[in-house]
Each structure stands twice: as C-alpha cells, then as structure tokens.
Amino acid sequence: MLLNKIHSLFHTRFASNKLNNKLFKVSEDVAKALELNKGIVALESTVITHGLPYPENVKLAIELEEIVIREGCVPATISIMDGYVNIGTSRNQLEKLGSSCDSVKVAGRDIVNCLMSKQNGGTTVSATMRLAKAAGIHVFATGGIGGVHRGAENTFDISADLIELSKTPMLVVCSGAKSILDIPKTLEFLETHGVNVIVNSDDSFFPGFFVPKSIHKAPFFTSSLEEIVENYKVGRILRQKEAHLIAVPIPEKDSSDGSLIEDAIQEAVAESKEQNINSKEVTPFILKRVRELSKGVSLTANQALLKNNAMVGAKLAALYSSTKNSVLKNEKTTMFAPRTQTIVEEKPPIVTCIGASILDIDAMSDNKLETNGGTYNGKVVLRAGGVARNHADALTRLGVNTQLISAIGTDHMSEILEKLCKHMNIEKTIRVNKVPLPIYSGITRQGNVLCGILNVEEMMNKISPELLMKNEEVIASSKYVVLDGNLSKETIKKASEICSMNNVGIWFEPADKSKVYKMFYKKHVLKGIRYFSPNAKEFEEYCKILKVDIKPFASFDQDYVSNILKNQHHKLCPSDLQEVIVTLDEKGITGWDNLMKMGFSKEAPIAINREKIVSASGAGDCFNSGYISGLVKELERPERLNIANKSAKCSLLSSDAVPSTITNNI
C-alpha cells in the first residue's frame, strides 16, 4: 500500500497540481501562500540535523524563517518526520528535529527509505529541491551546494546536489559550493549538465563560500534581482528542466580569513582520508573539523551567509510572485512551432471582468404605461447584457486588452449570446450544462427603465471562488479587475484576496442597491477595492452601512454629494479605496479622489433631451469602461471623464447596451 502511495508521490503532483496528502503535510501558512500566489522560500533542514549543535541549530532555523517573513514571504522548511514530508515545519517540529540524536541525513535517493522507515530526516539540497518543487515552490535558499569533491578523479565522489540541479527547475540561492570542494570541477560539471549559474554581483567571480570571491569565473553575472527573475521566467517558457543557480557572495563584513579556512580544510580532508570516511558522511565530518580547527570562525561566517541567502531568496520569491505584467509571465506560450507559423506570445489581459453575462429582452415604448393589462405600441430588443460582460465589451471596443470570466449555459439562448460576443475574449467563460442562461426582461419608457426581472442567481453561483482559483494567473496578471455586484459574497471576497496579494486594482460595480453590502467584510471595505462606482441609490445605501447620516437619494445633487464626500471621506474612503464616482443621471457625476484628498465633478453625458434617449441600460457600464480605459492609458482625469461621458452617450443613443459606435478613437 505504501509503495503505491510513494509511486504517485511526484506523478500526482505534476499531473494534477495537487500533493498526495497521504505523504505530504503542508503547513497552513504555506498552503495559503500557494493558494494566493504569495512568495514562498524553501529552506533545507540538514542545517538543523547535521549542521550545528543543539540548541544553536534550532535558533538558526527560526532566525532564517523570520528573515523570510520580514521580507513579506512565507518560509517553508522542508523535513521528513513520522512518515510524512513536511512542507513547512512547525516550531515544535523544529525543536524535535534539532534536539534528536537519531535524525538522519536525507538526500534525494533517501526520501523513500526515510518515509518507509518513519525516521526523522533533515533534507539536503537535493531532497529539499525535489520536495519543494513537488509542492509548487519556485525558490530555495541554502548555504552552499554540494559539488565535486577534492580527489574525485580517484573517488568519483560527486554530490547528488549537482544531479538534482540538472533536472529540477527552480531558483536555488547559495554562496557557491562548499569550500571543502573542488570549485573548478564543480563549475565544469554544472556547465556540462546545462545548469544556468548566475553570480549575483557586479562581476563574474564565483563566490568562495567563506569569502566573497574565488579566482574562478561563472558564465553570467548581474546585480539585478529583477533580471534574475526574468531570466528564470524565460527558462520556464522554454520548458528548461535545469535549475537556475544564483551564487550570492557572502557580505564582505562577514567573510573569513581565506588562508585560515583553507589550511583547516586541507587538514580536515587529510583526516577524512586517514579515517576512511566516505559517501554522505564526508561533508558533515569535514565541516565539523573545519569549525573546530578554525576555532569557530567558519561557523560564524556560515551562519551569516545562510541569513543573507535567506534574505536574497525572499526578495526573489516576492519578485517572482508579484511580477505580472511581463509577457514572460505566460508560461503556456508555444515557443516551438512549425517554421511556417509566426510565433506570437499571448499578452496577459490588462483588465479582467468577472461576473454576469446575460441576454436582455427590453420592451421600449414612448406611451404612458398603466397596469391595466393593456398592449402598447413600441419595440422589443434582444441584446447582450450583464454587468461584467458589458464592461468587457466596452473595454474591448475601446482598445483595452480585456478578459471575461463568466458563466453561460449550453442552450439556444447561450448560443445567441456567444455570437453577440464573438469580438471579445471569452476564453475563460465557462459553459454550464442544465443551467439556463440568465435572462433580463425590462420595460423602458422614454429612455427610463421602469422595472426589470432577472433570473441570474443560479448561474452566478457557478462563478465560484474555485473558478477564480483556476484563473488565478489571469487575475494576478491583470492591472485592473472589474467585479460585478451580482457575484456571491464569497466569490467577491476571493477576488479581493487574489487582487490584494498581487497589487491588482479592483473596480467594484454594485449593480443594485441590494448588492452594496457585498463589498464589505466584517464592516470594512474589502482590501483591493480601489474604485467604487455607485448610482445615487447605491451611494445612499453605502452611507447607511457606514453610518453616515444622509438625506434620501431623490434629493441628491452634485453639491450635496460633493460635500458629503469631502466632509465624510475619512469614513467613506478607507485606505485602499482611491476613488468614489457617484453617477446622478441627468445631474451628472461627482467623485472623490482619496489620494489627492480632493473632489471632482462632470456634467451629464448629454445636455439632456430625454426624447433623444433610446435606452439607459448599459450607460453606466459604458461610463465606467471609458474611465477605466483612461486609467489604462494613464490619461489625466479630465480626459478620462471625457472618454467616459462619450462612451455613456453612445449607449444612451442606442438600443444596444454597448453599441459599435464605442471605439478606440472615441
């Protein structure tokens, strides 16, 4: 039974992106970081079991984790205990691991044996890389890698770390190979096996572990961590299987006397040969003797470089998890195609719209309508609608690269909607069997929507937190996300988590007075919501939730709302909320810039002649989209408002919610 579980250990991971929970225990912090695409740094555990004496070993392990946390990332110390692989080791487990005399050293080849025997094991570089990669972690920080041992031409003693580096793609941060090794042969081995060695410095001298530089050079160097991350991302696009080895020199202030350490190494190597010490026992023996012979100098330097590497690793992990706008982020790009094809990399969306896609059936008449069962002259229009779909449609027409995450059915009405959206990117919109497409049926008189009926809730439940997690990379790669207030509160909260972790700005469109509460969690506006676009009714409700005294919406005008925003902005605009834009129909719009602490206003889209208005359905969504397109193009607010007004005007003068008259040249 256990053999079957172990057989699926890695196959399961790479096939389905899920760990076998019969063998892995993922800490709560690491699991959440993986879910939210937060930076994670893997740390080895042989430094605990075989590197330092107790309790200094546990103290150092905790210090390394705290360094990673201070850099805004999550540490994942990898270990094997009681028949499980720990992806993230608790403080109690660190204590148990560090204080035990029975813990074994686990290289890549030893993982299965350690699991089956249920021994406690400290993972080496090779084992830590393999297990961290299986968990979906991209960055690993260690002290020094194993390498080619001195005298390997006779002993063939070559560390398994080098083999793992040649077949496990991740960023490995170290201070070079341990100084007890043969550095030129180690670099030659890495070159032969295609490992990308990058010195994180202003020159190419490979670090000498205890000293910042050796006399040997690596093929590449850069002091820019951003360049290193981009280099790694290119490697992922190319499906390269080798690691990127980032060699970080020990800080000058922490470096040791090179000659002192070298003399100690030579003596320790000679002793290991005299005592016939071999295999995986060589490195611990030599390091211990070097520490003794150097009277602790090597130990102090070793701890310093471990801490520095943990910091560098965390910076790299944070950069990797947060850099979204580079085209290199798209790891699904086909780089190898027939020569007759032109290779075009997909660009991540600038805006992602999440929410409803519906069909509108709008009955429009200029007659006075009464509830007497009568029939009136007019026209009935079938058009594409839905808050998220309307925004995605308008933004696409305005020339903004936009993705729509939504749900439609497989019925005839859904087929009609798809045809109406053929100019849009709806790749991430799911098709749901046996759930009808949401239909909105409205009655409009002289451009005013009198009432409407909508059956949207069943389909909206399909746009779930799980669907957002499947599309997390798309969302995280966006600059802005438009959230439809028709989404469930749970889905809105999940979107908030993804966006706030990835510095993506949310535009929240409440869609209705009854949906405003969804932008709150425990009486606070959700993190990540930077733009809020209520109408008068929705703004009244928003003020009530925040306990701001306000008169009925029917008496709102620009001056009144402007004064409310100015005098109550400390309540109405929490720190993340940058702009509130209140639409007041024919009275125009008024807003508040919470960064500049200033108000702004704009006249209505048309010098209103109500006889010219065909339908107001979609005008608000088009206004928002025009404003968002101005944000994307980094225009000043007056220009953004002009585009917004022109877009809304096009909608008001058309029976379509988002007419073809909205263009990039509007």
For this session: Scan A384, A388, A363, A356 and give me the residue that is touching a residue at least 24 places away in the same chain (Cβ under 8 Å), closer than 30 Å to K479 by Cα, of a type outside the set (K, R) and assigned to a strand (DSSP E or B).
Result: A384
Exercise. Has segment 564-572 got any residue that is outside any helix (DSSP H, G or I), of a type outside the set (A, V, I, L, M, F, W, C), within 23 Å of R530 (Cβ to Cβ) and touching a Phe, Trp or Tyr at 6+ places or on another chain (Cβ under 7 Å)?
Worked result: no
Seminar exercise, completed: In segment 93-112, residues that are part of a helix (DSSP H, G or I), within 32 Å of the chain's Cα centre (by Cα), more than 12 Å from P55 (Cβ to Cβ) and touching a residue at least 24 places away in the same chain (Cβ under 8 Å) total 2
Exercise. Residue check, K241 against (1) at pLDDT 75 or above; (2) crowded, with 17+ Cβ neighbours inside 10 Å, all met but one. Which one?
Worked result: (2)
Seminar exercise, completed: (1) in the same structural domain as D557 (by TED's automatic domain parsing); (2) within 20 Å of T402 (Cβ to Cβ) all hold for V582 apart from (2)
For this session: Could you list all residues from segment 181-212 that are part of a loop (DSSP other than H, G, I, E, B) and within 14 Å of I250 (Cβ to Cβ)?
Result: N200, S201, F206, P207, G208, F209, F210, V211, P212
For this session: For segment 447-484, name all the residues that are outside any helix (DSSP H, G or I), modelled with pLDDT of 95 or more and surrounded by 20 or more Cβ atoms within 10 Å (Cβ to Cβ).
Result: I463, Y480, V481, V482, L483, D484
For this session: Could you please give the count of residues in segment 12-41 that are among the basic types (K, R), over 18 Å from E497 (Cβ atoms) and at pLDDT 50 or above?
Result: 2
Exercise. Any residue in segment 496-513 that is modelled with pLDDT under 95, over 21 Å from Q578 (Cα atoms), among the small types (G, A, S) and not in a loop (DSSP other than H, G, I, E, B)?
Worked result: no
Problem set entry | Qualifying residue in segment 142-154 (condition: in contact (Cβ under 8 Å) with a residue 24 or more places away in the chain, among the β-branched types (V, I, T) and closer than 27 Å to A31 by Cβ) | yes
For this session: Hand me the list of strands (runs of 3 or more DSSP E) wholly inside segment 577-666 holding 3 or more residues that are within 33 Å of the chain's Cα centre (by Cα), touching a residue at least 24 places away in the same chain (Cβ under 8 Å) and crowded, with 21+ Cβ neighbours inside 10 Å.
Result: 579-583
For this session: Among what's in segment 265-294 and is assigned to a loop (DSSP other than H, G, I, E, B) and at pLDDT below 75, pick the residue that is surrounded by the most Cβ atoms within 10 Å (Cβ to Cβ).
Result: S294
Problem set entry | Residue in segment 366-382 that is closer than 24 Å to S533 by Cα and assigned by TED's automatic domain parsing to the domain that holds E586 present | no
Exercise. Does segment 55-68 contain any residue that is in a loop (DSSP other than H, G, I, E, B) and more than 18 Å from the chain's Cα centre (by Cα)?
Worked result: yes
Exercise. Tally time: how many residues in segment 139-166 are at pLDDT below 95 and assigned to a strand (DSSP E or B)?
Worked result: 4
For this session: Hey, could you check segment 22-47 for residues that are in a loop (DSSP other than H, G, I, E, B) and not acidic (D, E) and say which is nearest to K315 (Cα to Cα)?
Result: G39
Exercise. Has segment 321-331 got any residue that is modelled with pLDDT of 80 or more, surrounded by 13 or more Cβ atoms within 10 Å (Cβ to Cβ) and touching a His at 6+ places or on another chain (Cβ under 9 Å)?
Worked result: yes
Exercise. So is S224 closer than 18 Å to K315 by Cα and among the polar types (S, T, N, Q) or not?
Worked result: yes
For this session: Return the only residue of V199, V234 being at negative phi and crowded, with 21+ Cβ neighbours inside 10 Å.
Result: V199
For this session: Give segment 222-239 a look and list any residue that's of a type outside the set (G, A, S) and closer than 21 Å to S204 by Cβ, or say none.
Result: T222, L225, E226, E227, I228, V229, E230, N231, Y232, V234
Exercise. Only one of (1) part of a helix (DSSP H, G or I); (2) out of contact with any Phe, Trp or Tyr (no Cβ under 8 Å at 6 or more places or on another chain) is not met by I261, so which one is it?
Worked result: (2)
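The values are calculated or read from the model by the stated rules, or taken from the named source; none is laboratory data. All values reported here derive from a predicted model rather than from experimental measurement. Positions of Cβ are generated from backbone atoms using ideal geometry, with glycine treated the same way; all protein chains shown enter the neighbour counts.
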